[in-house]
């Protein structure tokens, strides 16, 4: 495309469909900052896993093989930083081992003073939304298949939400079908309904209804971009097949979405694959994903094993936590494999993975499991192990806020020191 360039906002359109595209060479004018190696703010992803870990199982000095629970990440050691010693101090004053640990993770606390937690729902605006506000965008908030009910201490919302607009939880996307439609739907309700009816009758792909738009775009691209676009469209088609072929989820899903995987790990893998596609096509810049609610039993009875009342329980707990890390590994590898303007999508991202509980046995707030992955568009130095002994989790969130361009002097109750990530 000599003398001109294609807009980064170019989409492929069809009935009920609007597919954003990966970054193509045709979208990068030679004089642009990206062509000169300067990149915009990194993509930001928060991944929260529930129920803590077993004490000591994340211990690692930085040399040799990773411990068993982290072993799926062995080949990605240069792409993340492992942080030891963080403490969820903001959550310690509340009389529950799960709900405040999650609610303070991205909000930084404090939770509002009340003696009626079971009926009062009020959490401040979380970091993801503050970053999105700064960038002029919105948060894509994903959730796992389960919610926790209200108990005699806390409303279920505190167990079941990571992202808050303040004072209420953010709107949620639950299930691969809902996420697929969010990423690739046109936003037109009548068109979407018409497309769904046709797909049900003829078993067609959304791509079949966008062939004219696809062909017109292909004719304007060079061979390299054609190959990249074909690879991307094939990943969309494959994800769509997985969404449509899986049986309905068996977990507790509230209103429920059709065509969600019945297996928790298949559900999570597909959600993360779709999230990767959304990042690749520039659909979103800030995402939070609550992999499952606190006190969740969704992953093979996860919470039941977290108290580690026997050697067998601890072994099963470790096995489940390792499977969570395997989901993370697949996601990071997917981002690393995707080239974008001469660098990987992972190198232009900040992916935070962790939990607000240290040891699941006693619901401790110290030695939180925490990984920060990606290069952050040059803002991070991955491939290290950092000890931030007894440093507040809020200091990490304060650091990430600063990396994303926020000019704040404090985050949450006590976050005012940067951590060298």
Take the alpha-carbon centre of region 364-398, take the same for region 38-82, and report the distance between them in whole Å. 10
Return one number: the angle in degrees, 0 to 90 and rounded to the nearest 10, between the long axis of the Cα atoms of helix 189-202 and the longest principal axis of the Cα atoms of the chain. 80
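For the chain, what does the helix formula give at 222 nm: sum of -39500 (n - 2.57) over DSSP H segments with n ≥ 4, over the residue count, nearest 500 deg cm²/dmol? Spell out each step's value before the answer.
On the way: 11 runs with 137 residues, N = 421.
Helix-only estimate at 222 nm: -10000 deg cm²/dmol.
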Quick check: the distance between the Cα centres of region 159-181 and region 138-157, to the nearest angstrom? 9
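Expressed in nm to one decimal, what extension gain is obtained for the pair residue 138 and residue 420 from 0.36 nm per residue of sequence separation less their Cα-Cα distance? Each step should come with its number before you reach the end.
On the way: separation 282, 0.36 × 282 = 101.52 nm, distance 2.75 nm.
Roughly 98.8 nm would be gained on extension.
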With the contact rule set at Cα under 8 Å and sequence spacing of 6 or more, what percent relative contact order holds for the chain? 31
Note: residue 231 to residue 406 extended length (0.36 nm per residue) minus current alpha-carbon separation gives 59.4 nm
Restricting the count to DSSP beta bridges whose residues both fall in the chain, what percent are antiparallel, rounded to a multiple of 5? 40
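Ranked highest first by the average count of other Cβ atoms within 10 Å around their residues, in what order do 49-56, 221-228 fall? Display every interim value, and only then the final one.
Working: 49-56: 23.1, 221-228: 14.2.
Packing proxy ranking, top to bottom: 49-56, 221-228.
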Which value in nm describes the separation of the simple spin-label points at residue 71 and residue 116, placed 7 Å from the Cα toward the beta carbon? 5.2
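Taking the Cβ-Cβ separation of residue 204 and residue 390 as r and a Förster radius of 60 Å, what is the calculated FRET efficiency to the nearest 0.05?
Values: r = 57 Å, r/R0 = 0.95.
That pair, residue 204 with residue 390, gives E of 0.55.
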Could you list 379, 241 so that the one with the fewest beta carbons within 10 Å of its beta carbon is first and the one with the most is last? 241, 379
Would you mind checking the tilt of helix 393-403 against the longest principal axis of the Cα atoms of the chain, expressed as 0 to 90 degrees and rounded to 10? 30
Cut-off 20 Å, label 7 Å out along Cα→Cβ of residue 152, residues of region 101-135 by amide N: 114-120
Measure nothing but the geometry: give the 0 to 90° angle between the long axis through the Cα atoms of 311-337 and the longest principal axis through the Cα atoms of the chain, rounded to 10°. 30
Sites residue 216 and residue 265, calculated FRET efficiency, Cβ-Cβ separation with R0 45 Å, nearest 0.05: 0.70
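Computed from the coordinates by the stated procedures, all read-outs in this text should not be read as laboratory data. Computed from a prediction, not measured in an experiment: that's the story for all the values here. Every residue, glycine as well, gets a Cβ built from its backbone with ideal geometry; the counts of neighbours run over all protein chains shown.
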